[in-house]
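Trainee: Sharing a structure, written as structure tokens. Questions coming.
The values are calculated or read from the model by the stated rules, or taken from the named source; none is laboratory data. All values reported here derive from a predicted model rather than from experimental measurement. Virtual Cβ from ideal backbone geometry, glycine too; neighbours counted across all protein chains shown. Protein only, heavy atoms only, side chains kept; ligands, DNA and RNA dropped before computing areas. Shrake-Rupley method; radii C 1.70, N 1.55, O 1.52, S 1.80 Å.
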Amino acid sequence: MMLTRRRLIAISAVLATAPAIAHANAATRFWTGQALGARASIRIEHPEADTIVARVMAEINRLEDILSLYRPHSALSRLNRDGHLQDPPFELLECLSLADAVQRASGGRFDPTVQPLWTLWAESAANGTRPGSAEVDRVLTNVGWGKVRLEAAAITLHPGMALTLNGIGQGYVADRVAVLLDAEGLTDILIDTGEFRALGGQPGGGGWPVRLESGERLPLRQRALATSAPLGTTFDQAARDGHILDPVTGMPAPANWRSVSVSAPSAAIADALATAACLMPDLGSILAMNERFEGAHLEAASL
């Protein structure tokens, strides 16, 4: 199975405008390690840089304990295992509420309930096969956002269902880290958790020069940017079956787009919109979906 594409998690931030003595005492710390299952680096310029790095890592770890499918005791994993989660964490409810908004705007193309399909395709690829139409149809009975009961007191799934936040979770984490750093008095922040979130611009001036899949550079400032590519991550060695699955057909996204980049005020929304766009049949459908979210823009769509 070729599910190996993982970007470096990178966070850079400097002290906001403050008295000169604060800048004189600001320390620059460069930390490397692991976050969200990927290599991570954090560069912070602040008098309490070490403390802030520790807070960022603690926040990412806390969010993984809620949203990650790779931690068996996370809130999401427990929901998938038990089919019911009483008193769900606020962050899980918020992330799923954002997913619900994109699900509606995309006409159902963005759907967190595709996890059973993902498991089917991943297990088939591990065995060197592709799932047959009968297998896909069987698993599709366990897919459908309308079957999820989402309430503040509890989240309930129908038997056989499971959720994934892979199309929105990394963006959501970037948003939460941005809130934390902003509260610490930092500005000129660029966060890359696989999706970009920028507060302010480069310390020397101008936007952060983020490179699109097309090779173009986009000066990112006070916005988030997400790029999805149907074949960017694939299940099979032949790189034929991409990881973005259609909740209607149960099949990998058709080759309508090589990649789609969407910017928005929120990294979670940009992440989800870019994922859904890969399943859209034409440019007009993508633009109509984006119009449902204030400040969302299609930055690039490569055929």
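Trainee: Scan (1) of a type in the set (A, V, I, L, M, F, W, C); (2) without any contact (Cβ under 8 Å) to a residue 12 or more places away in the chain; (3) more than 28 Å from LEU273 (Cβ to Cβ) for the single condition ALA126 breaks and write down its number.
Mentor: It fails just one condition, (2).
Trainee: Can you list the helices (runs of 4 or more DSSP H) found entirely within region 79-147 that contain at least 3 residues being under 24 Å from ASP175 (Cα atoms)?
Mentor: So the answer is 90-105.
Trainee: While we're on this one: Go through (1) hydrophobic (A, V, I, L, M, F, W, C); (2) part of a helix (DSSP H, G or I); (3) open to solvent by less than 10 Å² (accessible area, probe 1.4 Å) and name the single condition LEU163 misses.
Mentor: Going through (1) hydrophobic (A, V, I, L, M, F, W, C); (2) part of a helix (DSSP H, G or I); (3) open to solvent by less than 10 Å² (accessible area, probe 1.4 Å) one by one, LEU163 breaks only (2).
Trainee: Now for a separate question. Considering only residues that are of a type outside the set (A, V, I, L, M) and touching a helix residue (DSSP H, G or I) at 6+ places or on another chain (Cβ under 6 Å), look in region 228-262 and name the one that is surrounded by the fewest Cβ atoms within 10 Å (Cβ to Cβ).
Mentor: Selected residue: ASP236.
Trainee: So, one more: Quick one: would you say ASN127 is open to solvent by 10 Å² or more (accessible area, probe 1.4 Å) and in contact with a His (Cβ under 8 Å, 6 or more places away or on another chain)? Can you show your working first?
Mentor: On the way: open to solvent by 10 Å² or more (accessible area, probe 1.4 Å): yes; in contact with a His (Cβ under 8 Å, 6 or more places away or on another chain): no.
So ASN127 fails the test.
Trainee: Please verify whether ARG211 is open to solvent by 20 Å² or more (accessible area, probe 1.4 Å), under 30 Å from VAL148 (Cβ atoms) and of a type outside the set (Asp, Glu), treating the condition exactly as stated.
Mentor: So ARG211 does not fit the description; no.
Trainee: Within the group ASP87, ASP137, which residue is acidic (Asp, Glu), surrounded by fewer than 16 Cβ atoms within 10 Å (Cβ to Cβ) and at positive phi?
Mentor: ASP87
Trainee: Could I ask something else about it? Checking ARG240 against (1) over 28 Å from LEU199 (Cα atoms); (2) at pLDDT 95 or above, which test does it fail?
Mentor: Condition not satisfied by ARG240: (2).
Trainee: I'd like the full set of residues that are farther than 20 Å from ARG39 by Cβ, in a loop (DSSP other than H, G, I, E, B) and either touching a Ser or Thr at 6+ places or on another chain (Cβ under 8 Å) or at pLDDT 90 or above (or both), limited to region 203-232.
Mentor: GLY206, GLY207, LEU212, GLU213, SER214, ARG221, GLN222, ARG223, ALA229, PRO230, LEU231
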